[in-house]
Amino acid sequence: MFTHSRVKIAIIGAGPVGSLCACFMAENGYDVTVYESRTDIRLDKSTSGRSINLALSERGINALRFIGLDNIVIEELTEPMYGRMIHSIDGHKYSIMYDINKSKCLYSISRKELNEFLLTKLEKYPNVKLNFSHKLVDVDFNTKLLTFQKSLENQQETVKPDVIIGCDGAHSVVRKHMIRQPMFNFSQTYIDHGYFEISLPSAATKDTLTPGHLHIWPRSTFMLIALPNKDKSWTCTLFMPMDQFPLILESENEEILRFFNEYFKDFMDLIQPEHLLNQVTNGKARTLISIKCNPYHINDDFLLMGDAAHAIVPFYGQGMNAGFEDCTIFNQLLEEYDHDLKTVIKTFSLRRIEDAEAISDLAFYNYIEMRDLVARKSFLWRKKLDNI
Ligand code: FAD
């Protein structure tokens, strides 16, 4: 076997999972090169972006612990959420705590800030090379040749690493090539519902939403949620059937405000109508996709992790957390099999797929709970009984 420093690992995608995976491999002494299609997000000061806030949970924190970033990330980048605050249509609201002793909570974090933090950590490793503006365009599983389009020079580059880990997200190019390989199973489902992000700035709030909570306005077939930011602003997301969005968001201003006032009155008390209308005019509803595949590897040198392997709907707040847990499990296997990478790669699929699919199914179920069941009397009674 090679010594670790001679083994060339290529990681495709420097999103949260690719960046963390690269840190794990660097800690283990491998020769790591990361290829990212976008430019360096740390240089992009625009605030526009998708899924601005995420709930970071124990799975994710556990993975950050391995690279010594758990405490600093929690302290510097997150806001705790100890429970859900449910807003009824009549303006009544009540809190459902995640943990009665408040010893455990979820942490609201900006995906971009977390990603930036991981990239900064990553570039400190002497055994890591970060290549931005390198878009993977072709994969040859027999020769292990990878071809990248370099957007800055408008040239192509071909490399031949020993091991390739595809962390290139839900629309993964690595996985797109795997689909043509025998015995590789794949399914994707666009759910009927999509999402639209609305920011509730801190300046706009005389009163504000109760801190320490994930706020939910469940309205049966749709819902609004709000996650806190460190600067006291809130990132809110409206989830509803994709075919309903145009009826609301593309209507006259009066009609848009009527909808929000009817269903989210106490939210409207906190936001300037012009600010809301401006976001509706310039924003866009986005789709939600769920992806499953089996196995996660081809041969014993190509592997998928994160959304590339298992994109899940966001209602359980576990997509990135599950991707981070992939890194933890891969690392456990490296120890268990004494860095025999070929065995580790094959065993990863066996060890991971069942649990990743379970999280995916739970995430579907939790949407029904969040937008509907959570507001029903039977659910509240059960919660009361649980807490006795
Ligand atoms: P991505 O974040 O998609 O990163 C992939 C990277 O690969 C990108 O940087 C991309 O530019 C790059 N790339 C793509 N193609 C190529 C290529 N050909 N060559 C090179 N690079 C490439 N998760 C949670 O844990 N908690 C939550 O509360 C939560 N809430 C969410 C809310 C919403 C509305 C949505 C949509 C998602 C949410 N998620 C949540 C899921 C979370 O955003 C994803 O699971 C997470 O971003 C996956 O990280 P990733 O690194 O695997 O993929």
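In the list Leu209, Leu238, which residue meets the criterion of being within 23 Å of Tyr263 (Cα to Cα), more than 16 Å from the ligand (Cβ to nearest atom) and touching a Phe, Trp or Tyr at 6+ places or on another chain (Cβ under 7 Å)?
Leu209
If the Cβ limit is 6 Å and pairs must be 6+ apart or interchain, which residue in segment 287-312 that is closer than 18 Å to Leu20 by Cα and in contact (Cβ under 8 Å) with a residue 60 or more places away in the chain pairs with which residue that is of a type in the set (Lys, Arg) and surrounded by 24 or more Cβ atoms within 10 Å (Cβ to Cβ)?
The qualifying pairs are Leu304/Arg175; Ala308/Arg175.
Here's a check for you: in segment 162-174, which residue that is within 12 Å of the ligand (Cβ to nearest atom) and outside any strand (DSSP E or B) is surrounded by the fewest Cβ atoms within 10 Å (Cβ to Cβ)?
Across segment 162-174, the extreme among qualifying residues is His171.
Among the strands (runs of 3 or more DSSP E) lying completely within segment 175-246, list those that include at least 2 residues that are within 30 Å of Val137 (Cα to Cα). Write out each step before concluding.
Details: elements: 185-200, 213-218, 223-228, 234-241.
By residue number, 185-200.
Quick one: in segment 27-41, of everything that is more than 13 Å from the ligand (Cβ to nearest atom) and surrounded by 24 or more Cβ atoms within 10 Å (Cβ to Cβ), which residue is nearest to Glu153 (Cα to Cα)?
Across segment 27-41, the extreme among qualifying residues is Val32.
How about segment 130-161: which of its residues are charged (D, E, K, R) and either farther than 24 Å from Cys23 by Cβ or within 14 Å of the ligand (Cβ to nearest atom) (or both)?
The initial filter retains those residues of segment 130-161 that are charged (D, E, K, R), namely 135, 138, 140, 144, 150, 153, 157, 160.
Lys135, Asp138, Asp140, Lys150, Glu153, Glu157, listed by residue number.
Do we find that Val174 is modelled with pLDDT of 95 or more, closer than 28 Å to Asn71 by Cβ and among the aliphatic types (A, V, I, L, M) in this structure?
Taking the combined requirement at face value, the residue does not satisfy it.
What's the total number of residues in segment 277-310 that are within 11 Å of the ligand (Cβ to nearest atom), crowded, with 23+ Cβ neighbours inside 10 Å and on the phi < 0 side of the Ramachandran plot?
Number of matching residues: 6.
Does Asp269 satisfy being more than 11 Å from the ligand (Cβ to nearest atom) and acidic (Asp, Glu)?
For Asp269, the condition - more than 11 Å from the ligand (Cβ to nearest atom) and acidic (Asp, Glu) - is met.
From the list Thr158, Thr120, Thr235, exactly one residue is touching an Asp or Glu at 6+ places or on another chain (Cβ under 7 Å) and either surrounded by fewer than 19 Cβ atoms within 10 Å (Cβ to Cβ) or closer than 30 Å to Tyr98 by Cβ (or both). Which is it?
None of the other options fit; the residue is Thr235.
Is it the case that Ala10 is out of contact with any Leu (no Cβ under 6 Å at 6 or more places or on another chain), on the phi < 0 side of the Ramachandran plot and part of a helix (DSSP H, G or I)?
no
What is the one condition in (1) surrounded by fewer than 16 Cβ atoms within 10 Å (Cβ to Cβ); (2) touching a Lys or Arg at 6+ places or on another chain (Cβ under 7 Å) that Ser103 does not satisfy?
Ser103 satisfies all of (1) surrounded by fewer than 16 Cβ atoms within 10 Å (Cβ to Cβ); (2) touching a Lys or Arg at 6+ places or on another chain (Cβ under 7 Å) except (2).
Test each condition in (1) free of Cβ contacts under 8 Å to residues at least 40 places away in the same chain; (2) of a type outside the set (A, V, I, L, M); (3) over 26 Å from Asp231 (Cβ atoms) for Glu113 and report the one that comes out false.
(3)
The values are calculated or read from the model by the stated rules, or taken from the named source; none is laboratory data. If you're wondering where the values come from, they're calculated on a predicted model, not measured in any experiment. Every residue, glycine among them, receives a Cβ derived from its backbone with ideal geometry; neighbour counts consider all protein chains shown.
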